[in-house]
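Questions regarding the structure given below will be posed in turn.
The values are calculated or read from the model by the stated rules, or taken from the named source; none is laboratory data. If you're wondering where the values come from, they're calculated on a predicted model, not measured in any experiment. Cβ atoms come from the backbone with ideal geometry, glycine included; neighbour counts cover every protein chain shown. Just the protein is used for accessible areas: all its heavy atoms, side chains included, with ligands, DNA and RNA removed. Shrake-Rupley method; radii C 1.70, N 1.55, O 1.52, S 1.80 Å.
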Amino acid sequence: MTDKTSEIHLQIGSIDGNGEEKDDFTLEIEKLQATLQEMLDCTSSPSTSLDSFDKLTAPAGFAARRLIRIASEHHHLSTTSSCHSDSGNSSSRDFIAPFTVHGGASIGRLILIDIVRRDDLIGIVNPNDILLTIENVKVSGMVRSEVNKILEEMMREHDQVAIEILPAGAISDDICELLADRKSSGELQTIIRENLYQKTVPYTTRPPREGEVDGEHYRFVSVEDFNKLLDNGDLLENGTYQGHLYGTPRPVECYADDDMMLIGSEGLLPPNWETAYTENGDKYFIDHNTGTTTWDDPRELPPGWEQVEDQNYGTFYVEKLPDVFFSICPYFCFFVSSL
């Protein structure tokens, strides 16, 4: 009886390096450990770590800064196939950014995460998280189109891309507030200003000095015009030095002709709209003004409307009705009887 019992135990259990038998519980624990190690070794999985900031000395809000390493799309698809036995020719799919961004200096905000496109990033990267860096490129103070281009290039060039983020609400995302607040991070303020100065020419009310070119070194304006810029919200930062006013304007979005993320073949999209594609290659549109998506191209006119080009009034649109048509242009509206 004893021999049979020993034989059964040997069949169920295992022998460790010291010749001692392992029970079922120990074997299950080892299996779980092996599975966990395999998951950690899979390079397609995003990894996170705390920033090197000392929480005691970090500026307010920055103690929550995180560094996240994201596998690029081509690397993610190929390694996912080997780690999880995913079938299909995934590597042939077109490039898809892991997330989209909104905000940007053109509307006076930091760069914020918008739509998270990859399942493996859900819960790691969240909407409205503040994007600080992409592979050590500091993006605060840049415009959205510029950051989209950097993200796409980095994801194409590297197997893994490191980004730094702050949780939504950790600090203000309003650039005007950040630059005006003396308690804000001095490092962040410097980064914002450096990025702004690369794309803008500051305004000043002082007269030009010898050798200075208007529109190159400064934009020289009257006090009245400067105050109009302030009232219109066109300046992200302003101050007085030696009795003269100085101000940093909002940069404008820069759209390249071949930028498929921002411009379609039908022409320029409305402000803060973006073209995107699903994993199956289906085209859709993102309205960053409302945080919504749609399959409908915002450049397509509704049924019954047509575009009219006029040498005096420019471009306007006409809706044809059974007896009358209604004409809209930026300058006037009127009814005309149909003949």
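Can you pull out the residues in the stretch 214-253 that are within 35 Å of the chain's Cα centre (by Cα) and of a type in the set (A, V, I, L, M)?
Val221, Leu229, Leu230, Leu235, Leu236, Leu245, Val252
When only residues in the stretch 270-303 that are farther than 25 Å from Arg118 by Cα and either open to solvent by 90 Å² or more (accessible area, probe 1.4 Å) or modelled with pLDDT under 70 (or both) count, which is farthest from the chain's Cα centre (by Cα)?
Only one residue tops the list, namely Pro303.
Hey, another quick one. Of everything in the stretch 151-186 that's surrounded by fewer than 18 Cβ atoms within 10 Å (Cβ to Cβ) and among the hydrophobic types (A, V, I, L, M, F, W, C), which residue is nearest to Arg66 (Cα to Cα)?
The extreme case among them is Ala162.
Any idea which of (1) at pLDDT 80 or above; (2) open to solvent by less than 30 Å² (accessible area, probe 1.4 Å) is the one Gly243 doesn't satisfy?
(2)
Something else about it: Residues of the stretch 187-199 being open to solvent by 40 Å² or more (accessible area, probe 1.4 Å) and either among the aromatic types (Phe, Trp, Tyr) or part of a helix (DSSP H, G or I) (or both), which ones?
Answer for the stretch 187-199, where residues must be open to solvent by 40 Å² or more (accessible area, probe 1.4 Å) and either among the aromatic types (Phe, Trp, Tyr) or part of a helix (DSSP H, G or I) (or both): Glu187, Thr190, Arg193, Glu194, Tyr197.
How about the stretch 70-105: which of its residues are out of contact with any strand residue (DSSP E or B) (no Cβ under 9 Å at 6 or more places or on another chain) and either modelled with pLDDT of 90 or more or at positive phi (or both)?
Of everything in the stretch 70-105, those that are out of contact with any strand residue (DSSP E or B) (no Cβ under 9 Å at 6 or more places or on another chain) and either modelled with pLDDT of 90 or more or at positive phi (or both) turn out to be Ser85, Gly88.
Being without any contact (Cβ under 8 Å) to a residue 12 or more places away in the chain, outside the structural domain of Ile286 (by the TED database) and basic (Lys, Arg): is that true of Arg219 here?
No.
Evaluate the following for Glu135: is it open to solvent by 30 Å² or more (accessible area, probe 1.4 Å), in contact with a His (Cβ under 9 Å, 6 or more places away or on another chain) and modelled with pLDDT under 95?
yes
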